[in-house]
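Notes for the one structure printed next.
Just so you know, all these numbers are worked out from the coordinates, no wet-lab data involved. All values derive from a computational prediction rather than experimental measurement. Note: ideal-geometry Cβ built from the backbone for every residue, glycine included; neighbour counts use all protein chains shown.
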Amino acid sequence: MKKKTFFFSVFMILLISLVYTTESRAEVNVNIGINVPLPAVVIPAPPQVMLIPETYVYFIPDIQFDIFFYHGYWYRPHRGYWYFSRSYNGPWVSIVPQRVPHVLLDIPPDFRRVPPGHQHIPYGQLKKHWRTWERERYWDKGEVKHREKEWQKEERWEHKKSKGKGKDKDWR
């Protein structure tokens with residue numbers, strides 16, 4: 001009788017330790033998170049952008065941080081990490097490296113040195129036309145100078161139209 005009780009006790013201890021060992025293996029989770037703070041950038045007015053030659057990536061030339069526009073999103077690198085947003089002022093959300101568009105990773109380091117003849121593109125024009133420009137490969141054509149004059153006229157007209165009535169919806 002003592003033998004049966006002893007073996008039963010040993011069996012139960014082994015069974016319990018096996019169950020707890022299995023549960024602890026199933027619950028082990030290693031998560032390393034490095035929180036790199038992103039410096040705040042406040043752009044008080046809709047920014048003008050410039051096209052990076054031979055890409056359909058646009059950048060804001062008049063600020064000290066790199067902020068890019070591509071396929072309807074704004075992207076911002078910082079200390080080896082990337083962030084994206086629907087708006088040029090954020091809120092910025094971190095993005096895993098595999099989700100960063102390759103064209104952004106291949107931007108030349110001297111992208112701010114834009115060749116002569118390239119103009120600032122008003123934000124309202126970018127917002128309205130970026131899809132069409134990409135679909136029709138607009139920047140690959142030679143008619144860009146003519147369009148730039150049209151933008152300037154259109155932007156002046158929109159500005160006059162909204163004067164005294166608050167901001168135009170494209171100027172948010």
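Summary table
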{"read-out": "Tail weight of P(r) past 17 Å, computed on alpha-carbon pairs of segment 87-126, percent", "value": "61"}
{"read-out": "Nitroxide proxy distance, nm - points 7 Å out along Cα→Cβ at PHE65 and ARG86", "value": "1.9"}
{"read-out": "Theoretical gain in end-to-end length, ALA45 to ARG135 [0.36 nm per residue, Cα-Cα removed]", "value": "29.6 nm"}
